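Inspection log for the structure reproduced underneath, given as structure tokens.
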Amino acid sequence: MDMLKLNNDVEIPALGLGVFQTPPDETRGAVEAALRTGYRHIDTAAAYGNEREVGEAIAASGLARDEVFIETKIWISDYGYDQTLRGFEKSAGKLGVDRIDLLILHQALPSAFDRTLEAYRALESLLEQGKVRSIGVSNFMVDHLTRLLDKATVVPAVNQIELHPYFQQRAVQAYGAEHGVLTQAWSPIGGITFYREGEHTSTLEDPTIVGIAEAHSKSPAQVMLRWHVQQGRSVIPKSTKPHRIAENFDVFDFDLTPEELAAIDALDTTKRGGPEPEDITLEAFGRPIPEASA
């Protein structure tokens, strides 16, 4: 497993398991399968409703706490300084841990950016108190990062964004690299392009990606994950199927050529699959996050 060093010298496994849209009753099995395979990084979120099952699977694995890197996210409904501190308590309680390895803000709230800044200030306090090892953001665009860095005392360690061959967000990546923010890719194999209607077909059927996969006797998904890893990004592919979970992990025994990397780079359509970050509002997307004891 390749490791990546964050801007505060904490190390994060380059590849982890994501559990976005994984039902709670399937989450524990998926995480258990991932940990058996060798994954040591699990990404969840308060808004996913499956933090408890992630924690149960990690506890049942027999692995020492410091062997598994746990990442979760504060939802926009819990933004604000005191609310975000409470959000940490909710997540830690459900996960069954005292300390979270990486805690990030799930979205920017462009229409209430002061609340976003207060939420991030709470993350900084949690970091200073040792309750989290590293902090970051998700789905922040360049203007959001610029406004955050103007006020923050700690540079985010990570910005988790939609990123796959068909949507590469190069300006966001470049801004992050310039400021020491690691880009972490959600939907790294373009899953969002084939379970939502869009303007292009599945990345798994793209002739360029299929051709590269055949040349390496690998699957298209493995080629896309290798593309990310070779370019220094963190990736969190999701699956609930043990054989797919294992396949996604098997990407550290081959290298793509510079020409192959460039060919995948050239597939960018600049078409986003997820919601526009500017459209995120409490009115449209806010929902209460239950307490850990609920």
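The values are calculated or read from the model by the stated rules, or taken from the named source; none is laboratory data. Everything numeric here is computed off the predicted structure, so don't read it as measured data. FYI the Cβ positions are ideal-geometry reconstructions off the backbone, even for glycines, and counts take in every protein chain you see. Areas reflect the complete protein model, heavy atoms only, side chains present, ligands, DNA and RNA absent. Shrake-Rupley method; radii C 1.70, N 1.55, O 1.52, S 1.80 Å.
Structural remarks
- Residue count, the stretch 38-71 (criterion: of a type in the set (F, W, Y), in contact with a strand residue (DSSP E or B) (Cβ under 6 Å, 6 or more places away or on another chain) and without any contact (Cβ under 8 Å) to a residue 60 or more places away in the chain): 1
- Complete set of residues in the stretch 120-146 that are over 26 Å from D66 (Cα atoms) and in contact (Cβ under 8 Å) with a residue 40 or more places away in the chain: N139, F140, M141, H144
- Inter-residue pairs, beta-carbon under 7 Å, first touching a residue at least 12 places away in the same chain (Cβ under 8 Å) and in the stretch 72-92, second open to solvent by 10 Å² or more (accessible area, probe 1.4 Å) and of a type in the set (V, I, T), 6+ apart: W75/I289; S77/I289; D78/I289; G87/I289; K90/I289
- Cβ pairs under 7 Å, 6+ apart, first in the stretch 223-251 and in contact (Cβ under 8 Å) with a residue 24 or more places away in the chain and part of a loop (DSSP other than H, G, I, E, B), second among the charged types (D, E, K, R) and open to solvent by less than 10 Å² (accessible area, probe 1.4 Å): I236/D43
- Some residue of the stretch 14-22 being part of a loop (DSSP other than H, G, I, E, B) and of a type in the set (S, T, N, Q): yes
- A residue that is among the small types (G, A, S), assigned to a loop (DSSP other than H, G, I, E, B) and more than 22 Å from the chain's Cα centre (by Cα) can be found somewhere in the stretch 257-272.
- If the condition is being open to solvent by less than 30 Å² (accessible area, probe 1.4 Å), farther than 17 Å from A33 by Cβ and of a type outside the set (A, V, I, L, M, F, W, C), then the stretch 233-259 contributes R233, S234.
- For the stretch 6-19, a tally of residues being under 21 Å from D250 (Cα atoms) and open to solvent by 10 Å² or more (accessible area, probe 1.4 Å) returns 1.
Here's the yes/no breakdown for (1) open to solvent by 10 Å² or more (accessible area, probe 1.4 Å); (2) within 18 Å of E291 (Cβ to Cβ):
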site	(1), (2)
F88	no, yes
D114	yes, no
E118	yes, no
L123	no, no
E128	yes, no
G136	no, no
D143	yes, no
L149	yes, no
V154	yes, no
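- Any hit, the stretch 34-44, residues being small (G, A, S) and assigned to a strand (DSSP E or B): no
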